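The values are calculated or read from the model by the stated rules, or taken from the named source; none is laboratory data. Note that the structure is a prediction, hence the values are computed from the model and not measured. All Cβ positions, glycine included, derive from the backbone under ideal geometry; neighbour counts span all protein chains shown.
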Amino acid sequence: MPRLRLLTLNRTSSNHARHEQGRKIRSGSDDDVKARVTSLEQEVVRLREQVTLTSSEAAAVRADVAAARADAAAARVLAAGADRDVSEIRAELRAHTQALNALRNAGRTAQNAAGAGSEH
């Protein structure tokens with residue numbers, strides 16, 4: 001609710017300011033009014049140019065965002081592929097480690113059997 005009240009106050013203040021400005025313009029001389037109108041026209045032209053630049057900048061930003069989204073999608077595909085590759089390599093490494101451990105155990109068993117056979 002406080003926000004609505006604030007907006008209402010801003011509108012009221014804005015309307016009051018326009019009314020006061022209108023009163024000031026009416027009380028000024030014709031030359032003063034012409035100067036103010038010219039100044040306002042120049043300000044309108046400047047603001048239009050600024051809005052045009054902002055629109056073209058917005059279009060460039062939209063294009064950059066679209067390119068960034070495409071890059072992110074491609075990066076996700078590459079990351080998923082890399083994750084699969086890493087998983088496969090880990091599985092192979094585990095298999096090799098198990099094979100080496102089995103060979104080592106077989107060698108120890110053979111050594112122990114040979115050592116036990118030479119004692120008899």
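Miscellaneous remarks
- Flag for Leu47 being at pLDDT below 95, surrounded by 10 or more Cβ atoms within 10 Å (Cβ to Cβ) and under 24 Å from the mean Cα position of the chain (by Cα): no
- Asp71 vs. criteria at pLDDT 55 or above and surrounded by 10 or more Cβ atoms within 10 Å (Cβ to Cβ): yes
- Qualifying residue in the range 58-67 (condition: basic (Lys, Arg) and modelled with pLDDT of 95 or more): no
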